[in-house]
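What follows is a short report on a single structure.
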Amino acid sequence: MNHVLRLYRDEVAPQSAIALPADNALRAIYVVAGGLRIGGDHLDATLGANSAYTSRKDLQLKGGHLATTLLRWELTTPATAPALAGGSGVSSVLLLEAAMALDPARPWLLRGDRVDFPPGGEALTHTHQGGGIRCLLSGGIDIHTQGTVHHYAPLEPWFEAGPDPVYAATAKDTASAFARVMILPRELLGKSSIRYVNADDLNKPKNQKYQVFIDTPVDLPK
C-alpha cells in the first residue's frame, strides 16, 4: 500500500489558532459545527458549519467566534507520521486510518461530500469506484458488508474500500447524515461513483440526497 488516508476530529476553542505540520499531506477539512477562518493559498475566508475546503499548501487556520468541531482528512504516505493539530485551545484525535493502493500513473480526484437520509432511509447494495472514509454526523447507520453488520453513531468513522458491496440502513426514528472523502479516478469528475450490484435496483427510487463540496483533480503525495 503506497498511501494512507487518515481522519481526525479537531475541537477548537473560539478564536484559537490551529497549528498543523508542514508535511506532504493532501488535506480536506469539513466544518461540523462553529466556524473556521482560513488564510493563505491566496484566500482569506470563513467557513461555516456544513462547508469544506481542500489544499496542499500551508494554511493559517483559526476558530471563529463559536466553539468549532472539524473533521480533517489527510491523504499521505505511510512514512508520514499522524498529524495531530496543536495550539492553545485545540484538541485533536486520530479517528481512523486506512491503507490505499493508488496507481501513481493514473490521474485521480478528491471528492468531499455529504449524504443525507430521511428516517428509515437506506442505500441499496452498491459499490464505489474508489475508496474513502465516512464519518456519521447525525442519526445512526448500519453498514452491511462482507457478511458483517456494523452500527455507527455520530462522529464514528468507517472505511469503504470501493469494490466491496455495501448495504446501508439508517435510524428509523430520526434523519441521518454522514460526511466522506473519497479518492476516485479522475474520469469521474462531476459524475457519480456509485454502482448498484443488483440490476433491478438501478431504477428504484433512492432516498439519499447528496451535497458535493469538493470535486477536484489532485496530485498524489510522494
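The values are calculated or read from the model by the stated rules, or taken from the named source; none is laboratory data. Being a predicted model, the structure only gives us computed values, none of them experimental. Quick reminder, even Gly has a Cβ in these numbers, built from the backbone with ideal geometry, and neighbours come from all protein chains shown.
Of everything listed in (1) at pLDDT 95 or above; (2) part of a strand (DSSP E or B); (3) surrounded by fewer than 15 Cβ atoms within 10 Å (Cβ to Cβ), the single unmet condition for residue 127 is (3). The test for being more than 24 Å from residue 68 (Cβ to Cβ) and modelled with pLDDT under 95 does not hold for residue 168.
Annotation for the stretch 145-163: no member residue is closer than 17 Å to residue 208 by Cα, among the β-branched types (Val, Ile, Thr), surrounded by 15 or more Cβ atoms within 10 Å (Cβ to Cβ) and not assigned by TED's automatic domain parsing to the domain that holds residue 51. Of 84, 71, 61, all but one fail to be within 14 Å of the chain's Cα centre (by Cα), in contact (Cβ under 8 Å) with a residue 24 or more places away in the chain and within 28 Å of residue 108 (Cα to Cα); the exception is 71.
Entry remark, the stretch 172-193: residues being among the β-branched types (Val, Ile, Thr) and closer than 22 Å to residue 4 by Cα number 2 in total. Figure legend. Inter-residue proximity from the stretch 113-139: first residues free of Cβ contacts under 8 Å to residues at least 40 places away in the same chain and outside the structural domain of residue 33 (by TED's automatic domain parsing), second residues surrounded by fewer than 20 Cβ atoms within 10 Å (Cβ to Cβ) and of a type in the set (Val, Ile, Thr), beta-carbon distance below 6 Å, spacing 6+ or different chains. Indicated pairs: 139/174. Total residues in the stretch 148-176 satisfying the condition of being touching a residue at least 24 places away in the same chain (Cβ under 8 Å), over 13 Å from residue 134 (Cβ atoms) and either touching a strand residue (DSSP E or B) at 6+ places or on another chain (Cβ under 9 Å) or aromatic (Phe, Trp, Tyr) (or both): the figure is 8.
If only residues of the stretch 41-77 that are under 19 Å from residue 182 (Cβ atoms) and surrounded by fewer than 19 Cβ atoms within 10 Å (Cβ to Cβ) are counted, the one that is modelled with the lowest pLDDT is 56.
Taken together, the residues in the stretch 21-35 that are closer than 25 Å to residue 219 by Cα, surrounded by 14 or more Cβ atoms within 10 Å (Cβ to Cβ) and not β-branched (Val, Ile, Thr) amount to 8.
All told, residue 131 meets the bar of being over 18 Å from residue 117 (Cα atoms) and touching an Asp or Glu at 6+ places or on another chain (Cβ under 8 Å).
Criterion applied to 23, 10, 44 was being of a type in the set (Asp, Glu) and within 24 Å of residue 109 (Cβ to Cβ), and the one residue passing it is 23. When 38, 29 are screened for being modelled with pLDDT of 95 or more and on the phi < 0 side of the Ramachandran plot, only 29 passes.
Residues that are of a type in the set (A, V, I, L, M) and over 14 Å from residue 216 (Cβ atoms) within the stretch 169-204 comprise 169, 171, 175, 177, 179, 194, 197, 199, 202, listed in sequence order.
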